Amino acid sequence: MHPPAAARTPLAARTRARRPLARATGAGLAVVLALTLTACSPDRPDPTDAAAALAAALAEGNLDQAPLADGDRERAEAELTEALAGTGEVDRAVTATAGEVREDGETLTAPVTLEWTWELGEEDLTYRTTTTLTHDGEEWTAPWSRELVHAAIGDGVLAVETVPAERGRILAGDGSPLVTPRPVLRIGVDKANVAAEAVADVATGLAETLGFDDPQAFADRAAAAGPKAFVEAITVRQEDPGDVDLDAVRRLPGVLLVPGELPLAPTREFARPILGTVGPATAEIVEESDGAVRPGDQAGLSGLQRQYDEVLRGRPGTTMLIRRGDGSAAELLSAAPRSGKDVTVTLDARLQTAAEEILAGVEPASAIVALRPSTGEVLAAASGPGGQGLSTATLGAYAPGSTFKVATALALLRAGLTPDSPVECTPTATADGREFSNYPGFPAAELGPTTLRGAIASSCNAALIAERDRVDAQDLTDAAAALGLGVPAALGVPYLAGEVPADASGTEHAAAMIGQGRIQASPLAMATVAASVARGERVAPVLVRDAGGEPPSEPDAADAGGPDAAPLTAAEAEALRSLMRAVVEDGTGSFLADVPGEPVHAKSGTAEYGTSEPPRAHAWMIAFQGDLAVATFVEDGIAGAQTAGPLLEEFLRRAA
């Protein structure tokens, strides 16, 4: 037999295409063995198993089962552990090739070539070491030598050093950075400068100063860390530490404030549910990355940072070397870091900031979403603090109430009505025994004969429910789809496009006429409705414009609406504009009439829920002005115009 070609290549570090490899790391063992026995004879013992066992032991870093010569094992264990200590969690594989068995008197020997492969990012370091197996009449054994790890190791150790890659930025629509490295302070206990018996007290004092709910838990973590560890408690912005009193922290003995940088948005609140956060990689992220992320690496933990982490994080640089006792080092392989790529979103920093400032004092979950109708670009997607971290703006699922009457009006227009068609606004309407009322405090002066325009302007529930037999549930679904509601788009992030069931009947269909029942929408979905009316065709919202050179993927879900759902026509759009303008000129949105700039078109909405008296209500308002479409929402309000309306007005004035 002849040794394989790989055995005849010189010692080398080389880059090669990925191939399936079992790996050995500090977290577990798997070994690839490629054994070739040459000049085999049935009269001679086979060294294959011994070579395999040696390769496995070296790959695992544990010589318990290695076929070592007597007297070498204890020293070998210590030296192997020392030699590999600096390689951390780097994957390695060892292959063994046994050569020709030779006879030297009564002694049998077999040369063995061990090929080590270290996987360093996208590059591999591959080299060979050699040894000779000796058969003593009973078994094959090998002498221990540090050179089994590397031929040039001498008294040194293998070490792997990494250089973090520069993380890509998240850029605004104008190209300015939204998320970029900003200065932070890592606050923690420096155990190297704290007496062991004082660690618990120091950690407890720091936790109490920082306002931790469970100071003892941090004290326990500090006590369990190594004797010289820095046990981090919290990371804060240098310029805006929030509620942390840095002066008080600095006065605590044994506490360090270590300066550093993290990829951060302009403020702690800025688009946080959408942009997400970066921090130490979790065990789950490390496992899912298939070796691309290692313990201690920074990784995206939520939002866009998590979704596009592979694009943003880049690849760390890696150097493998031999460090010797005299302080010298021999480099074996060095791979430079590769910076992450930028992700560009459509957000407008000024409008996003304005929206968040407006929502800052709103206690229930709330949102303001702004779109550019001409392009579908999301300019602001702000979620108030009451959402407790949820992106209410994009993922909140609520009945849209009377803002849905824009879609209802489109369905009625398609059924033959015009804005001037007569309808009757009564105090109540009954459908299959269920009585529906207008919103609480509905003006008595608006009751009586009116037109479709008047019913939309005053938001008369009874008038629209009375027209329910002109359209069915599928008609409502199709009309909503023509305006973008219920139609998934390539937004670039998860969002709720909305749902308008096509199978509603009876009282549920009556409720759907006024945006209740099983109809659901997010604030983004309702902003899309307003944008579609403004543009005169269905708008597909987009938030991620570019993800490292690639556009966001198209949605998997099929378009909503029936197979023959008609697109919005120019005449229909003009009619809907006249209805939404009437809301401002003569109806519930009259407070918007003096907003500077182009005429405002709007629709208010109140979606009652629960069994309390009076009923609780989701408050909505949608509008467009020029090339700006907006939706405002408050989860628990009085009425759309009263609760969501002032938010909309302030936003429009600040956007001017």
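The values are calculated or read from the model by the stated rules, or taken from the named source; none is laboratory data. Everything numeric in this text was worked out from a predicted model, so none of it was measured. We place every Cβ from the backbone using ideal geometry, glycine too, and count neighbours over all the protein chains shown. We work out accessible area using only protein heavy atoms, side chains counted, and drop any ligands, DNA or RNA first. Shrake-Rupley method; radii C 1.70, N 1.55, O 1.52, S 1.80 Å.
Ignoring lysines fewer than eight residues from K191 along the same chain, the ones with Cα atoms less than 21 angstrom from its Cα are K228. Computed from backbone phi, the HN-Hα couplings of region 322-339 come to 10, 9, 10, x, 7, x, 7, 8, 10, 7, 9, 7, 9, 10, 5, x, 10, 5 Hz, rounded to whole numbers (Karplus: 6.51 cos²θ - 1.76 cosθ + 1.60, θ = phi - 60°; Gly and Pro given as x).
Take peptides 540-550, 572-582 and line them up by average Cβ neighbours within 10 Å, highest first, as a rough protection proxy. Walk me through the intermediate numbers first.
Details: 540-550: 18.9, 572-582: 20.5.
For the peptides 540-550, 572-582, the packing ranking is 572-582, 540-550.
When S437, S522, S421 are compared by accessible area of protein heavy atoms, the largest-first order is S437, S421, S522, using a 1.4 Å probe.
Say R0 is 30 Å: what FRET efficiency, to the nearest 0.05, do A85 and D49 get from their beta-carbon distance? Please list the in-between numbers first.
Numbers: r = 29 Å, r/R0 = 0.96.
Approximately 0.55, to the nearest 0.05.
Based on DSSP H segments of at least four residues, each scored -39500 (n - 2.57), the chain has a per-residue ellipticity at 222 nm of -7000 deg cm²/dmol. For the chain, the carbon plus sulfur part of the accessible surface works out to 49%, probe radius 1.4 Å. Between the listed residues Q65, G86, V101, the Cα displaced farthest toward the positive end of the dipole of region 45-119, a dipole computed from Cβ unit charges relative to the Cα centre, is found at G86. When peptides 482-489, 281-288, 503-510, 55-62 are sorted by average Cβ neighbour count within 10 Å, with the highest value leading, the order is 482-489, 55-62, 503-510, 281-288.
Kindly rank 218-224, 140-146 from highest to lowest mean number of other beta carbons found within 10 Å of each residue. Write down the numbers at each step before the final one.
Working: 218-224: 17.7, 140-146: 19.3.
Answer by packing, highest mean first, reads 140-146, 218-224.
Relative to the longest principal axis of the Cα atoms of the chain, the long axis of helix 405-414 lies at roughly 70 degrees.
Dipole of the chain, Cα-centred, from +1 at each Lys and Arg C-beta and -1 at each Asp and Glu C-beta, to the nearest 20 debye?
On the way: 51 positive and 93 negative charges, 349 e Å.
Value, rounded to 20: 1680 debye.
Taking every protein chain into account, the 1.4 Å probe leaves R75 with about 110 Å² of accessible area, to the nearest ten. Given A593, A504, Q307, which one lies farthest toward the positive end of the charge dipole of the chain, if we put +1 on the Cβ of every Lys and Arg and -1 on the Cβ of every Asp and Glu? Of the options given, the answer is A593.
Only Lys, Arg, Asp and Glu count, each charged at its Cβ (+1, +1, -1, -1), so figure out the dipole size of region 355-469 about its Cα centre, rounded to 20 debye.
Working: 6 positive and 11 negative charges, 45 e Å.
Using Cβ point charges on Lys, Arg, Asp and Glu, region 355-469 gives about 220 debye.
Prolate is the label for the chain. Its Cα gyration tensor axes, ordered a ≥ b ≥ c, give a/c of at least 1.5 and a/b above b/c.
By a 1.4 Å probe calculation restricted to protein chains, T418 has an accessible surface near 70 Å², given to the nearest 10.
Counting only residues at least eight positions apart within a chain, or on another chain, the lysines with an alpha carbon under 29 Å from that of K405 are K603. Of the whole protein surface, E147 contributes about 70 Å² of accessible area at a 1.4 Å probe radius.
Grab the Cα-Cα distance for A336 and F591, subtract it from 0.36 nm times how many residues apart they are, and report the gain in nm with one decimal.
Additional length available on full extension: 85.8 nm.
In summary, the aspartates and glutamates within cross-link reach of K341, defined as a Cα separation below 14 angstrom excluding same-chain residues under 8 places away, comprise E166, D309, E310, D546, E550.
The accessible-area ordering, largest first, of the residues Y308, Y127, Y439 stands as Y439, Y308, Y127, per a 1.4 angstrom probe.
Pulled fully out, how much extra length does the chain show between D240 and R654, if you take 0.36 nm times their separation in residues and subtract their Cα-Cα distance? Walk me through the numbers before you get to the answer.
Details: separation 414, 0.36 × 414 = 149.04 nm, distance 2.48 nm.
Additional length available on full extension: 146.6 nm.
Solvent exposure of region 409-537, expressed per residue, is 35 Å² of accessible area, with all protein chains present and a 1.4 angstrom probe.
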